[in-house]
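So the structure is just underneath, and the comments pick up after that.
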Amino acid sequence: MRLRISAVSSQASIVPRVILLDNFETPWNQLEGDQHNVERILRSLSSIPLLSILLTMRSNFPPSEEIDWNTRTFFQLRGTHHR
């Protein structure tokens, strides 16, 4: 599924929206990926006024220093709590 920034932008301009980008380390850390292009898309999404981005990834660093992220660190569950 391709994400069309213009479609997201037009919908979020009417009603606040949340976009979930789960397992984001997959596109971010691809061996033959283009981090600059991925970051450009993130910056485009972050510029949409009524759009919140919920992004999950395994990393100690956010995927773009140009976006003012609110970060939360979650630790791996151990013992009977993990899958």
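Quick note: the coordinates plus some simple rules give every number you see, no bench work behind them. No experiment lies behind these values; they were computed from the predicted model shown. So basically every Cβ, Gly included, is an ideal-geometry build from the backbone, and we count neighbours across all protein chains shown.
General remarks:
- Gain on full stretching of the segment that runs from residue 72 to residue 25 - 0.36 nm per residue minus C-alpha separation: 15.3 nm
- Backbone phi angles across segment 50-65, fed through the Karplus curve with coefficients 6.51, -1.76 and 1.60 (θ = phi - 60°), yield HN-Hα couplings of 9, 10, 9, 10, 10, 10, 10, 6, 8, 6, 9, 10, x, x, 8, 7 Hz in residue order; Gly and Pro are listed as x.
- Restricting segment 13-83 to chymotrypsin sites (Phe, Trp or Tyr not before Pro) in coil, as DSSP defines it, with at most 15 other Cβ within 10 Å: 69, 74, 75
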